[in-house]
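Notes to accompany the following structure.
The values are calculated or read from the model by the stated rules, or taken from the named source; none is laboratory data. This is a predicted model, so every value here is computed, not measured. Don't worry about glycine lacking a Cβ; one is built from the backbone with ideal geometry, like all the others, and counts go over all protein chains shown. These accessible areas exclude ligands, DNA and RNA; they are computed on the full protein's heavy atoms, side chains included. Shrake-Rupley method; radii C 1.70, N 1.55, O 1.52, S 1.80 Å.
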Amino acid sequence: QAKELGRNTFCFHSAALTSRVNDHLQLEMRLHRALERGELLLHYQPLVGLEPGQPIRAEALLRWQPPDEAMVPPARFIPLAEETGLIVPIGDWVLRAACRQAKAWLDAGLHFGGVSVNLSVRQFRQKDIVDEVADVLAATGLPARYLELEITESALMEGVERAVATLDALRRLGVSLAIDDFGTGYSSLAYLKRLPLDKLKIDQSFVRGLPDDGNDHAIVTATIAMARSLGFSTVAEGVETEAQLEVLRKLGCSAYQGYLFSPPLAPDAFARHALLLVAG
Ligand code: C2E
Ligand code: MG
Ligand code: MG
Ligand code: MG
């Protein structure tokens with residue numbers, strides 16, 4: 001009887017596993033087609049400076065809209081794209097599309113501070129990433145100072161020597177560099193001080209507990225103080241309330257993004273709500 005039960009259990013697991021593998025393969029196939037068929041698009045979330053008079057910047061965030069289906073959020077397909085290597089052509093598309101859009105906003109005379117693009121670990125480690133970025137800037141005509149690349153701690157902390165060389169080369173192009181989701185990975189402070197970065201983005205998991213959670217308050221305070229003394233500017237992610245913003249302002253945070261000001265927006269809405277209105 002036990003043996004029978006065992007066999008049934010095995011069959012059950014095996015069926016579940018097969019269907020999971022199938023789901024995975026299907027998603028991969030659909031994602032491949034999505035890139036070819038132009039089902040990928042970018043939304044832009046405003047980054048707002050906390051000192052007066054600074055132009056609004058935008059973080060480009062990838063969206064997948066299959067025809068006649070609900071939008072697929074990046075958390076559902078970026079890890080898969082990273083695993084299969086599809087993130088490389090997808091990331092290339094993102095970089096080009098974001099730079100083209102930024103150039104168009106500048107050409108339209110909008111008061112626009114520049115665009116931030118997320119680079120995946122795999123993309124950052126591509127041998128030709130520096131040439132790729134240079135190519136995109138040349139092809140789109142976007143001046144390098146309007147492009148910022150966001151890189152996660154995990155991309156930077158494994159193989160620091162090489163990461164430093166890549167960051168230096170990117171900086172020589174004139175682009176600026178941010179460390180994304182700071183505090184969620186395994187940053188070594190010894191390495192952090194050696195990295196040629198411009199900006200540190202405080203992960204939303206620490207912002208969420210402001211102003212009441214004492215631990216979050218302590219972490220955000222220390223992070224901003226450390227960033228400043230290392231010469232990095234700071235952006236707080238996921239700001240949803242006035243009370244959070246008030247604390248960040250007091251602590252000397254340089255900028256913020258979050259639903260309080262605006263969620264990510266389609267390009268037209270971004271230009272209307274973030275650029276035209278604020279520019280007056
Ligand atoms: P991220 O780079 O940390 O982007 C910020 C995420 O926080 C975005 O989620 C944004 O919609 C969300 N967010 C912004 N404000 C708020 C807020 O006030 N409250 C809350 N709860 N969330 C807020 P999204 O667009 O779903 O993107 C998730 C992640 O997917 C990104 O995190 C980034 O790691 C990755 N991603 C998105 N686009 C790209 C891309 O083009 N390339 C790569 N490699 N990764 C991307
Ligand atoms: Mg980001
Ligand atoms: Mg982030
Ligand atoms: Mg984040």
Dividing the Cα convex hull volume of the chain by residue count, how many Å³ per residue is that? 180 Å³
Give me the distance in nm between label points sitting 7 Å out from Cα along the Cα-to-Cβ direction at residue 198 and residue 241, one decimal. 3.3 nm
Charge context of residue 244, other residues only, Cβ under 12 angstrom, K/R +1, D/E -1: -4
FRET efficiency for residue 96 and residue 25, using Cβ-Cβ distance with R0 set to 30 Å, rounded to 0.05: 0.60
Ranked output for segments 126-137, 197-208 by mean other Cβ atoms within 10 Å, highest leading, reads 197-208, 126-137
Highest to lowest packing among 212-220, 164-172, scored as the average C-beta count within 10 Å: 164-172, 212-220
Using a simple charge model, +1 on the beta-carbon of Lys and Arg, -1 on the beta-carbon of Asp and Glu, nothing else, what dipole does the chain show about its Cα centre, in debye to the nearest 20? 340 debye
Given charges at Cβ of Lys, Arg, Asp, Glu: segment 28-173 dipole, positive-most of 97, 139, 149: 139
Take the alpha-carbon centre of segment 214-280, take the same for segment 104-135, and report the distance between them in whole Å. 21 Å
Going by the alpha-carbon gyration tensor, a ≥ b ≥ c the square roots of its eigenvalues, is segment 148-280 rounded (a/c under 1.5) or, if a/c is not under 1.5, prolate (a/b greater than b/c) versus oblate? oblate
The chain: angle of helix 87-107 to the longest principal axis, Cα-based, in degrees nearest 10: 30 degrees
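How much of the DSSP bridge set in the chain is antiparallel, in percent, rounded to the nearest 5?
If I count the DSSP bridges inside the chain, around 35 percent turn out antiparallel.
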Given points 7 Å out from each Cα along the Cα-Cβ axis, report the residue 18 to residue 266 separation in nanometres with one decimal. 4.2 nm
Give me the percent of accessible area attributable to carbon and sulfur for segment 148-280, probe 1.4 angstrom. 53 percent
Would you kindly state how much longer the chain becomes between residue 37 and residue 128 on full extension, computed as 0.36 nm times their sequence separation minus their alpha carbon distance, in nm to one decimal? 30.2 nm
For segment 47-58, in order, what is each residue's ³J(HN,Hα) by Karplus, 6.51 cos²θ - 1.76 cosθ + 1.60 with θ = phi - 60°, in whole Hz (x at glycine and Pro)? 10, 10, x, 8, 9, x, x, 7, x, 6, 9, 9
